[in-house]
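S.K.: The structure's right below; bear with me while I get my questions together.
Nothing in this text is a laboratory measurement; each read-out follows from the coordinates by a stated rule. Just so it is clear, the model here is predicted, and its values are computed rather than measured. Neighbour counts are summed over all protein chains in view; Cβ atoms, including those assigned to glycine, are modelled from backbone coordinates with ideal geometry.
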Amino acid sequence: MLPVSTAGTQETAVAVEYKIKAAFLLNFTKFIKLPEESFTGEDQPYKVCVLGRNPIGSALTAIESRTVGNRKINLQIVDDVQQAGSCHLLFISSSEKNNLINIHETLVDHTIIMVSDIEGFAGSRGIVEFVARGDKLAFKINLSRAREQGLEINSALLNLATEIL
């Protein structure tokens, strides 16, 4: 768990929170292994997508210059759940809370690491849910859903989760 508040203004605390979430997303790409068939070739980039209003904003652009293994990260903002089918990791913004059933139904046959900060997300077929624990940011993991998707989650990441479903 990492602290999300600072001694500065509320705006600064929010900016820090989103930088931490962006760092977590990068680490999720490294500690959650997708099946090889998720990629069409060795040079295909690793697509990290955001669905809905992008609360993470510029904090997320810092990960675009990074790589996962030998794959360059390609950051994409998607406006429609249909566009999300080609993503490898999908952050679902809280603006999509009322659309979660449709998102899960549309993407049910796609192997995607779905992450959100929507309360109850991990319990409703999501893979990773960000949660606040006091002034710290933590996460829950839906391990059974991840296994259904063919995802392999590194034990080090599982040990950091506040809850495993």
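S.K.: Using the Cα centre of the stretch 34-165 as the reference point, and only Cβ charges (+1 on K/R, -1 on D/E), how large is the resulting charge dipole? Debye, rounded to the nearest 20.
M.R.: Values: 12 positive and 17 negative charges, 75 e Å.
Here the size comes out at about 360 debye.
S.K.: Select one label from (1) 2, 9, 19, 23, 22, 16, 7, 2, 1, 0; (2) 2, 9, 16, 17, 14, 11, 8, 6, 5, 4, 3, 3, 2, 1, 0, 0; (3) 1, 7, 10, 9, 6, 6, 7, 7, 7, 7, 7, 6, 6, 5, 4, 3, 1, 0: the one whose number is P(r) over Cα pairs in 5 Å bins from 0, in percent as derived from the coordinates shown.
M.R.: (1)
S.K.: Could you please report the charge total around residue 153, scoring K, R as +1 and D, E as -1 over all other residues with beta-carbon less than 10 angstrom from its beta-carbon? The partial results should precede the final answer.
M.R.: Numbers: positive: 33, 147; negative: 152.
That works out to +1.
S.K.: May I ask for the angle, rounded to the nearest 10°, between helix 10-31 and the longest principal axis of the chain, with both axes built from Cα atoms and the value confined to 0 to 90°?
M.R.: Value to nearest ten degrees: 30.
S.K.: Quick check: residue separation of residue 80 and residue 136 times 0.36 nm, minus the Cα distance between them. What number comes out in nm? Please report the intermediate quantities before stating the final value.
M.R.: Working: separation 56, 0.36 × 56 = 20.16 nm, distance 3.12 nm.
Additional length available on full extension: 17.0 nm.
S.K.: Now a separate question. GNM, the chain, Cα, under 10 Å: largest mean-square fluctuation among 57, 123, 41?
M.R.: 41
S.K.: Sticking with this one: Which one, 93, 24, 49, projects farthest toward the positive side of the charge dipole computed for the chain from Cβ point charges (K/R +1, D/E -1)?
M.R.: Most positive-ward Cα: 24.
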